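Notes to accompany the following structure.
The values are calculated or read from the model by the stated rules, or taken from the named source; none is laboratory data. None of the values given here were measured: they were computed from a predicted structure. With ideal geometry, Cβ positions are generated from the backbone for all residues, glycine too; neighbour counts draw on all protein chains shown. Note: areas computed on protein heavy atoms with side chains; ligands, DNA, RNA excluded. Shrake-Rupley method; radii C 1.70, N 1.55, O 1.52, S 1.80 Å.
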Amino acid sequence: MKKTGWIILGVVVLLVLWGLSSYNGIIGVQEQATTELANVQTQYQRRADMMPQLVKIVKAYAKHEKETFEAVTKARAAVGQVKLDANNLTPEKLKAYSDAQGELANAFSKLMVVAEKYPDLKAVDNFRSLQIQEEGTENRISEARRKYNDAVQQYNMKVRKMPTAIIANLFGFQTMPKFEAAAGAEKAPDLDI
């Protein structure tokens, strides 16, 4: 083989190695983003799982707050119907999921306002324990969403920046949506019950 042949072969080998490295790098950041999405869903599920216990405890004290209990039940059911698939995640699906979670958070806030009306309820150990767990869960949700958005930012930069964008386009990698603040989040929620 002539010197030119070796040079061409060397360039081809380098391009193949670069392509493999770029592809594997994209896969790595994509997996991180999908893992963080699963972590967000886990925290939302934790909150949804606590709701029936809280409603049951508050119901024992606030028997005439039927509308609030129905709102929590309805919001929890709506959350259960919205599923996310990391392999088919669109901004619309993520928004629908986020909106359903926002409705549940709003219903929960109303439930806590009802609980405030009953001083004896705040003295119940189970209620206090669940309330503390809920506060921790809300913090976990916020942190999980932040980590997901950070991971998506890394992934999106990887698939959009040159020269890895060439590999991303070649293999069909698409940008992923981020969680955004819910519409009206800049205003305090209306907790008028």
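When you work out D = kT/(6 pi eta Rh) for the chain at 37 °C and 0.692 mPa s, using the Kirkwood radius from C-alpha pairs as Rh and the Stokes-Einstein form, the result is 167 µm²/s. With K and R counted +1 and D and E -1, the other residues having a Cβ less than 15 Å from that of Val29 yield a net charge of +2. Extension gain for Thr73-Asp49 works out to 7.5 nm (0.36 nm per residue, less the C-alpha to C-alpha distance). Principal-axis analysis of the Cα atoms of the chain puts helix 66-81 at an angle of about 20° to the longest axis. The angle separating the long axis of helix 91-116 from the principal Cα axis of greatest extent in the chain is about 20 degrees.
Note that the chain presents 62 Å² accessible area per residue, ligands and nucleic acids not counted, probe 1.4 Å.
Rolling a 1.4 Å probe over the protein heavy atoms of the range 11-169, with every protein chain left in place, gives an accessible area that is 54 percent carbon and sulfur.
Which of rounded, prolate, oblate describes the range 55-166, given a ≥ b ≥ c as roots of the alpha-carbon gyration tensor eigenvalues and a/c under 1.5 marking rounded, otherwise prolate only if a/b is larger than b/c? Judged from the Cα gyration tensor, the range 55-166 comes out prolate (a/c at least 1.5, a/b above b/c).
Relative to the longest principal Cα axis of the chain, at what angle does helix 3-61 sit, 0 to 90 degrees, rounded to 10? Tilt of helix 3-61: around 0 degrees.
Of the peptides 10-16, 113-119, 39-45, the order by per-residue mean of other Cβ atoms within 10 Å, starting with the highest, comes out as 39-45, 113-119, 10-16. Model label points for Lys117 and Ser142, set 7 angstrom from Cα along the Cα-to-Cβ axis, are 2.8 nm apart.
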